[in-house]
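**Q** Please see the structure below; I have some questions.
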Amino acid sequence: MIAETAEKIRNNIQKVIIGKDETIELTLIAMLCEGHLLLEDVPGTGKTTLAKTIARSLGCSFQRIQFTPDLLPSDVTGIYYYNQKIQEFEFRAGPIFSQILLADEINRATPRTQSALLEAMQERQSTVDIVTHPLPRPFLVLATQNPIELEGTFPLPEAQLDRFLMKIGLGYPSVQEENEILLRFEQVDPLLELSEVVNPETILSMQNEVRAIRVEASVRNYIVAICRITRSHPDIELGASPRATMALYRTCQALAAIRGREYVLPDDVKLLAPFVLTHRLIINAQTRLRGRKPEEIIRDIVNTVPAPVEA
């Protein structure tokens, strides 16, 4: 059921998004794990369009926050205001109280405002004036950020990066894909005519089913070994946390379910490790000076750790 439904969602998204098959699959994985995605790329590559298309396909409520240096935490979470008609304070919910939240250019906001998302992303709730409000489910944050080399950006702190299930980039389309984009959007925006193919209740049911995907002990030990090596690697100052280990485990279950399997393969781990672990690492200064990037280190680790084989 999960594979069939995921294929239906994928086909609906591809009515708007051309190419980006891997990005769409990773987004579906995040949805099934009820995780959050960090999309890092230059402006104009389709990050916002992707978020809107996913929300429309899943029949979920959607809100967008444009992060700027003057954005306040209350602009994200909401406020209590005094209603003169009823002579009482009322809560006005902020855009965070939606099922799919697009945090656009999240690294343009100050750290104080960025931290307003921390509780929501981990605990699916938001506390405003000592009152805790549950968030709707499913709840997915799609955050976009410009490359940190651009001016006017505030790098996300380690605690917040660790709450993103995966970090992905869209990249530029190929020549053929860019021509198809021009033709598809020539007359009308296909997003305006897009209809939902599933409902939020179906998504919640699929999230529960994903947890039943079998992970053999050897594959589980393989996941643990990869994450533990990052904590003692000579090029890494801060390695993957236990939350990262859990994220890699859960995403492998979701990938297996999307591809119609009832079990996880070592190849699933190899495919997903760079997306799940890279943004959680802090490499030391000497490694940065040598020009090595976290993606290269993760690939080396994955190739170094012996993968389990069938007896």
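Quick note: the coordinates plus some simple rules give every number you see, no bench work behind them. Since this is a predicted model, take the numbers as computed values, not measurements. Here Cβ is always computed from backbone atoms with ideal geometry, including for glycine, and neighbour counts include all displayed protein chains.
**Q** Name the one entry in T144, T132 that is polar (S, T, N, Q) and either buried (at least 19 other Cβ atoms within 10 Å of the Cβ) or touching a Gly at 6+ places or on another chain (Cβ under 8 Å) (or both).
**A** Unique residue meeting the criteria: T144.
**Q** Still on this structure, I have one more. Between L37, L71, L26, which is over 16 Å from the mean Cα position of the chain (by Cα), surrounded by 14 or more Cβ atoms within 10 Å (Cβ to Cβ) and of a type outside the set (D, E)?
**A** L71
**Q** Here's another thing I want to ask about it. Just to confirm my filter: which helices (runs of 4 or more DSSP H) fall fully inside the range 180-272 and include at least 1 residues that are under 30 Å from R292 (Cα atoms) and free of Cβ contacts under 8 Å to residues at least 40 places away in the same chain?
**A** 217-229, 242-258
**Q** What number of residues in the range 71-98 are out of contact with any helix residue (DSSP H, G or I) (no Cβ under 6 Å at 6 or more places or on another chain) and either closer than 19 Å to E34 by Cα or of a type in the set (V, I, T) (or both)?
**A** Within the range 71-98, residues that are out of contact with any helix residue (DSSP H, G or I) (no Cβ under 6 Å at 6 or more places or on another chain) and either closer than 19 Å to E34 by Cα or of a type in the set (V, I, T) (or both) number 5.
**Q** Among the residues of the range 272-286, are any surrounded by 20 or more Cβ atoms within 10 Å (Cβ to Cβ) and farther than 20 Å from L39 by Cα?
**A** No, every residue in the range 272-286 fails to be surrounded by 20 or more Cβ atoms within 10 Å (Cβ to Cβ) and farther than 20 Å from L39 by Cα.
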